[in-house]
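Participant: Got a structure for you, written out below as structure tokens; questions coming shortly.
The values are calculated or read from the model by the stated rules, or taken from the named source; none is laboratory data. This is a predicted model, so every value here is computed, not measured. Every residue, glycine among them, receives a Cβ derived from its backbone with ideal geometry; neighbour counts consider all protein chains shown.
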Amino acid sequence: MSSVETIHECIILGSGPAGLTAAIYAARGRCCPTLIHGRQPGGQLTTTTAVDNFPGFPQGIDGPELMENMRLQAERFGTQFIEGEVTRVELGERPFKVWLGEDRYLCLTLIIATGASPRLLGLGNEEALYGRGVSVCATCDGFFYRGREVVVVGGGDTAIEEAVFLTRFASRVTVVHRRDTLRATPVLAQRALDNDRIVFRWDSAVAEILADQAGVTGVRLHNLKSGVEEVLPCDGVFIAIGHQPNTALFTGQLEFDGEGYIKTRNGTETSVPGVFAAGDVQDPIFRQAITAAGSGCMAAVQVERFLDDLPSEAQLSCQKGICQPAS
């Protein structure tokens, strides 16, 4: 740890659409953002081969390319990037403290954009098949399955919402659920049960995702009651068994909702003044790149206003992209 510690005006945790958009706006607002990212920057979009619903790209764009463009834009305006895994934070007083191993960073404001990780089935090839028939987002990828047969895994609200949405495109949607009744809310469940494009495989689990070089060709189902297995041909598998917000670092320091997402109010404010949350880490409903980017913009604007309202002795000025105490 350095004997002379710089106090950063704004540190951003996460390099997905929320974190990078926050960096772009914060840098343009001369808030001197420092963005900390892991070994694979870019968030979930780096596993998406085609993004067709992000405004401004009429022909679509590859997820990794979109994230790289965002990063370059943030760099252009002076964002400082640090690679490393955050191991601890202290939000009890300002400046807030962020640790990367033994290295400590101080900041007046913090934007948390650490995202949420989809819960997976635990099968060996599901991540390798992202973008080749396996998806965790029907809104993102449903369009590519027009006239094709797909499987949705899960029985809660998310899974049934995905299944109903996919009937706009797919010729058939098979819902695979481990139980013999849905966990979704009754109104939503009935909507799916009444839809003649949706069929159900009750008391069943996906034991294997079948694929060739082109992508998914089917699933092998295991009936949990009878033990019988069957192969169900399909063109796509949508895994909808929930998301886990990446909030473990902030347990006991910020207010969460019942599912572990960071609670925000008035935009992106958290329960600690000066700490803001953007993107999927605080959004259990929409989970889209564009909504994450929008909340990243909101967080940066709120950071700028928060810094402007600090007493003059606590404010910092930017010099060559690095925040130094004001003279």
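Participant: Run down Gly260, Gly236, Gly294, Gly215 and say which single residue is small (Gly, Ala, Ser) and touching a helix residue (DSSP H, G or I) at 6+ places or on another chain (Cβ under 7 Å). Working first, answer last.
Facilitator: Details: Gly260 fails: touching a helix residue (DSSP H, G or I) at 6+ places or on another chain (Cβ under 7 Å); Gly294 fails: touching a helix residue (DSSP H, G or I) at 6+ places or on another chain (Cβ under 7 Å); Gly215 fails: touching a helix residue (DSSP H, G or I) at 6+ places or on another chain (Cβ under 7 Å).
Checking each option against the conditions leaves just Gly236.
Participant: Which of the residues that make up the range 175-202 are part of a helix (DSSP H, G or I) and in contact (Cβ under 8 Å) with a residue 24 or more places away in the chain?
Facilitator: Kept after step one, since they are part of a helix (DSSP H, G or I), are these residues of the range 175-202: 186-193.
Answer for the range 175-202, where residues must be part of a helix (DSSP H, G or I) and in contact (Cβ under 8 Å) with a residue 24 or more places away in the chain: Leu188, Ala189, Arg191, Ala192.
Participant: Turning to a different aspect of this structure: Condition first: closer than 19 Å to Gly215 by Cα and in contact (Cβ under 8 Å) with a residue 40 or more places away in the chain. Now tell me which residues in the range 143-165 satisfy that. Walk me through how you get there before you give the answer.
Facilitator: Step one: filter the range 143-165 for residues closer than 19 Å to Gly215 by Cα, giving 143-153.
Answer for the range 143-165, where residues must be closer than 19 Å to Gly215 by Cα and in contact (Cβ under 8 Å) with a residue 40 or more places away in the chain: Phe143, Phe144, Tyr145, Arg148, Glu149, Val150, Val151, Val152, Val153.
Participant: Still on this model: Restricting attention to strands (runs of 3 or more DSSP E) lying wholly within the range 203-290, give those where 3 or more residues are closer than 30 Å to Cys10 by Cβ. Show your work before the answer.
Facilitator: Working: elements: 204-212, 215-223, 229-233, 236-239, 243-245, 275-277.
Output list reads 243-245, 275-277.
Participant: Now, a different point. Report, by residue number, each residue of the range 135-148 that is surrounded by 17 or more Cβ atoms within 10 Å (Cβ to Cβ) and modelled with pLDDT of 95 or more.
Facilitator: Matches in the range 135-148: Tyr145 only.
Participant: All but one of (1) without any contact (Cβ under 8 Å) to a residue 24 or more places away in the chain; (2) farther than 28 Å from Thr264 by Cα; (3) over 17 Å from the mean Cα position of the chain (by Cα) hold for Glu102; which doesn't?
Facilitator: Of everything listed in (1) without any contact (Cβ under 8 Å) to a residue 24 or more places away in the chain; (2) farther than 28 Å from Thr264 by Cα; (3) over 17 Å from the mean Cα position of the chain (by Cα), Glu102 misses just condition (1).
Participant: I've got another one for you. Could you list all residues from the range 116-129 that are under 14 Å from Ala240 (Cα atoms) and either among the hydrophobic types (A, V, I, L, M, F, W, C) or assigned to a strand (DSSP E or B) (or both)?
Facilitator: If the condition is that a residue be under 14 Å from Ala240 (Cα atoms) and either among the hydrophobic types (A, V, I, L, M, F, W, C) or assigned to a strand (DSSP E or B) (or both), then Ala116, Ser117, Pro118, Leu120, Leu121 are the ones that fit.
Participant: Within the group Ile61, Ile11, which residue is among the β-branched types (Val, Ile, Thr), crowded, with 24+ Cβ neighbours inside 10 Å and in the same structural domain as Leu106 (by TED's automatic domain parsing)? Walk me through how you get there before you give the answer.
Facilitator: On the way: Ile61 fails: crowded, with 24+ Cβ neighbours inside 10 Å.
It is Ile11.
Participant: Follow-up. For the range 23-57, give me the residue count where each residue is within 18 Å of Ile290 (Cα to Cα), under 20 Å from the mean Cα position of the chain (by Cα) and not small (Gly, Ala, Ser).
Facilitator: Counting residues in the range 23-57 that are within 18 Å of Ile290 (Cα to Cα), under 20 Å from the mean Cα position of the chain (by Cα) and not small (Gly, Ala, Ser) gives 14.
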